[in-house]
Amino acid sequence: MKIVTLVLLSIILFSCKRKKETDRKAQLAGMYKLYIAENADSNGVWHEDPWTKGGTGYIVYDGLGHMAVHITRKGYNDYNWLPEEQSLRDEYINQKLDSMSTDELKDAVRAFASSYVYAGNYNIEDTADIVQHHRISTSIHSPVGSTVRRAYSFSGDTIILHVLNGNRRLKWIKQP
């Protein structure tokens, strides 16, 4: 009888834990537009991050454990590269690169470097409002396979993500 009770209690506790994580993932679910990224100075005063000032960004949580983020600097969408179909074909890319001057190549690198993207899986830690992003694809090669942790909180339709190992926070407004 004790074993049956123990097994039932284990199943109930596991189910409650699983339901709690599912509910918390659902709470994050949606698409959010970057409102502001800020860094705290040595006095704890928040200032807009110059890298994202005037830029844009989106983060998506699907509620099932998948996420993606894309942040761009000001002017990113204004760069004139190649039409979509041509940008997926090596012959057009090579032709474009071969025809560019050194200054034009530098401008292209600056433009492409002003886009930060990653996608992956996410989960929420049991004991705190911390979301873990397990990056499986990123525009910067070195973080592929890494995990980042963000404390999160809500203020109305805004989610605030705090970088845990730094002095940075990003505020995102939920999109309809």
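The values are calculated or read from the model by the stated rules, or taken from the named source; none is laboratory data. Quick caveat: nothing in here was measured; it's all calculated off a predicted structure. As a convention, Cβ positions derive from the backbone with ideal geometry for all residues, glycine included, and neighbour counts pool all protein chains shown.
Just a few scattered comments:
- Of the strands (runs of 3 or more DSSP E) entirely within segment 27-77, none holds at least 3 residues that are small (G, A, S) and under 16 Å from the mean Cα position of the chain (by Cα).
- Picking from residues in segment 142-174 that are small (G, A, S) and either exposed (fewer than 15 other Cβ atoms within 10 Å of the Cβ) or not assigned by TED's automatic domain parsing to the domain that holds A37 (or both), the one that is farthest from Q27 (Cα to Cα) is S142.
- Evaluating A113 against the criteria (1) without any contact (Cβ under 8 Å) to a residue 12 or more places away in the chain; (2) farther than 26 Å from H47 by Cα; (3) surrounded by 12 or more Cβ atoms within 10 Å (Cβ to Cβ) leaves one unmet condition, (2).
- Candidates L88, L6, L13, filtered to the one that is loosely packed, with under 13 Cβ neighbours inside 10 Å, at pLDDT 90 or above and of a type in the set (A, V, I, L, M): L88
- Taking the conditions (1) surrounded by 12 or more Cβ atoms within 10 Å (Cβ to Cβ); (2) of a type outside the set (S, T, N, Q); (3) assigned by TED's automatic domain parsing to the domain that holds L170; (4) modelled with pLDDT of 95 or more in turn, V45 satisfies each one other than (1).
- Residue within segment 95-106 that is of a type in the set (K, R), at pLDDT 95 or above, assigned to a loop (DSSP other than H, G, I, E, B) and more than 12 Å from the chain's Cα centre (by Cα) present: no
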